[in-house]
Amino acid sequence: MRIRPTPPVADLALPWDAPVDDAVAAVAAARAEHGDTFAAVSGGDTYLFCFSPTGVDSFYALPEDVASKGVADYLMLRRKLPDEVFDGRRTLPGDLFRKDDVATSLAALDLALDAEVAALGDAGSVDLFALTRRLGHRMGLASWGGPGSAVGPTFDALAADLDLLDGAASFVHPDTMRAVAESGYAEERAALERVLDRLGPAVDAAAADPGAHGLLGRIATAWADEPPGAARRGAALDVVLVHVASMSNLNAALGWVLVDVLAHPEALDRVRSAEEGYAARCALESTRLAQRSIMARHVLQPLTLDTGPTSYEVERGVTIATLLPLTNLDPALGHDTWDPDRWDRHRFTDTAGLGSPRLVTAFGHGRHTCPAQPFSLAAMSAAATRLLTSYDVEPGWSARPRPVPAQIGGVARADGPCEVRYRARPSSAATSRAGAVSR
């Protein structure tokens, strides 16, 4: 054991190493047996789980160069994505979410919403999470994929291949990762090459005139010192990494926002009235409830972790983790119910009874807050408001959809179809038809 003193050790396998019916329930059972701090060895890797208030505070205080979130995320995603997606990248997701980038991305979001409303037409039925996944692809490609990538046949082809490159499968369906490894990423590599080919012309145009191509121009500029072929491939791979790292959880979270707002008529009225900040509070609350994230830090340098009762000396190579659904959803505090008014801007205010405010989160805390949070909240707010003011939507389910049981990481995916029927609201039908004609 690379942890001293030796903590309680749970007989716990994680789902990417062995079959697990319900990953969150398995960790919860280990916590119930061993307390708020325990270790597990799964697939040869050592994990130190911490759930006490002091332990979670210490977890969020860990410096990145000592215990890395980036490395932990990479070790997770590489179960699904081949190394060429990661190697040599010059633009990382956080590089495109600066404060002044949000306005650029939201302008692209308007175009994506126009295209999706036109595609939906005035009435029909659709799987809700398929709709938000498709909209997520449009939003991302409209922001950094270049002209034409978010509409028409090019978009359809890109979206299909980006679904095959969804790194979130590494934690949504971790039980399938063994087959991916055994294939040598054959399906993923074929999809990646098709995406790179389709992005090539847009990358070339951005390289020729970066100032006219927004975020893609910035990505292309980072490769300006390379020969054209290498620059094209490198920039297109940057686009792929930014996209797969940024969009998958956003589109799932947007799906849960719609699920929750539709279940609360008063909330639906408030979203449609464009009450200032309310849609963002809905997004925060739905994301909090839907979190299945294992928040992990891969230890790069020996460290001391204070959990309250005990301080542990932790060696390199250990993964320190906490699991958000076990801290976010305390029924004793009423935190397992949906109430957007718990939020004041980005701050969760219903903290009475919490040992630490860091026990509850939607996007992380402090230096480990997701860099895409401002964009994500603005995008979810705009998308939910546009869709719900454009359409009357009738869910096809009677109880809130359930997450995929094996999932351990990211925002929950629904365990099964979630069909909705929609019809354009009277004030929106003409706009929808006009948009469809214009395209």
For the Cα atoms of the chain, what angle does the longest principal axis make with the long axis of helix 128-144, in degrees from 0 to 90, nearest 10?
-> 80 degrees
For the chain, longest principal axis from Cα atoms; helix 228-262 axis from its Cα atoms; angle between them, nearest 10 degrees, is 80 degrees
Going highest first, how would you order 1-11, 100-110 by mean Cβ packing within 10 Å?
-> 100-110, 1-11
Kirkwood-based shape ratio for region 150-256, expressed as Rg/Rh from alpha carbons | 1.01
Grab the Cα-Cα distance for Glu315 and Glu182, subtract it from 0.36 nm times how many residues apart they are, and report the gain in nm with one decimal.
-> 44.8 nm
Nonlocal amide H pairs with Ala123, under 5 Å, H built at 1.01 Å | Ala424
What residues have an amide H closer than 5 Å to that of Val411, excluding those fewer than 5 places away on the same chain, when H is modeled at 1.01 Å from N in the peptide plane?
-> Arg292
Among Thr327, Pro227, Gly353, the residue whose Cα sits farthest towards the positive end of the charge dipole of the chain (+1 at Cβ of Lys and Arg, -1 at Cβ of Asp and Glu, taken about the Cα centre) is Pro227
Taking only Cα atoms, what is the 0 to 90° angle, nearest 10, from helix 99-120's long axis to the longest principal axis of the chain?
-> 60 degrees
Calculated P(r) of region 324-423 - Cα pairs past 21 Å, % = 50 percent
With +1 on the Cβ of every Lys and Arg and -1 on the Cβ of every Asp and Glu, the dipole magnitude of region 144-265 about its Cα centre, in debye rounded to the nearest 20, is 160 debye
For region 43-99 the translational diffusion coefficient, Stokes-Einstein from a Kirkwood Rh over Cα pairs at 25 °C and viscosity 0.890 mPa s, in µm²/s, is roughly 175 µm²/s
Might you tell me the accessible area per residue for the chain, computed with a 1.4 Å probe and given in Å²?
-> 41 Å²
Ignoring ligands, DNA and RNA, what percent of the 1.4 Å accessible area of the chain is carbon and sulfur?
-> 53 percent
Full extension from Ala399 to Asp306: what is 0.36 nm times the residue separation minus their Cα-Cα distance, to one decimal in nm?
-> 29.4 nm
So what is log10(I(q)/I(0)) for region 238-284 at q = 0.13, 0.17, 0.18, 0.24 1/Å, when the Debye sum runs over its Cα atoms only?
-> -0.38, -0.56, -0.59, -0.81
Sorting Val242, Val9, Val404 by the position of each Cα along the dipole of the chain (Lys, Arg +1; Asp, Glu -1; all at Cβ), the one nearest the positive end of that ordering is Val242
A convex hull over the alpha carbons of region 60-162 yields, per residue, a volume in Å³ of 161 Å³
Per-pair calculated FRET efficiency, R0 = 56 Å: Glu226 and Glu33 via Cβ, rounded to 0.05 | 0.55
For region 209-324, taking Cα atoms only, what is the radius of gyration to one decimal and the Dmax to the nearest whole Å?
-> 21.7, 59
What translational D, rounded to a whole number of µm²/s, comes out for region 1-132 from Stokes-Einstein when the hydrodynamic radius is the Kirkwood one over Cα pairs, at 4 °C and 1.567 mPa s?
-> 67 µm²/s
What is the local net charge at Arg134, summed over the other residues whose Cβ is closer than 11 Å to its Cβ (Lys, Arg +1; Asp, Glu -1)?
-> -2
Would you kindly state how much longer the chain becomes between Thr369 and Thr351 on full extension, computed as 0.36 nm times their sequence separation minus their alpha carbon distance, in nm to one decimal?
-> 4.6 nm
Percent of Cα-Cα distances greater than 29 Å, calculated over the chain | 48 percent
Dipole magnitude of the chain about its Cα centre (Cβ charges: Lys, Arg +1; Asp, Glu -1), debye to nearest 20 = 460 debye
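The values are calculated or read from the model by the stated rules, or taken from the named source; none is laboratory data. Since this is a predicted model, take the numbers as computed values, not measurements. Methodologically, a virtual Cβ is constructed for each residue, glycine included, from the backbone with ideal geometry; neighbour enumeration extends over all protein chains shown. The protein model used for the area step is the full one, side chains on, heavy atoms only, and it has no ligands, DNA or RNA in it. Shrake-Rupley method; radii C 1.70, N 1.55, O 1.52, S 1.80 Å.
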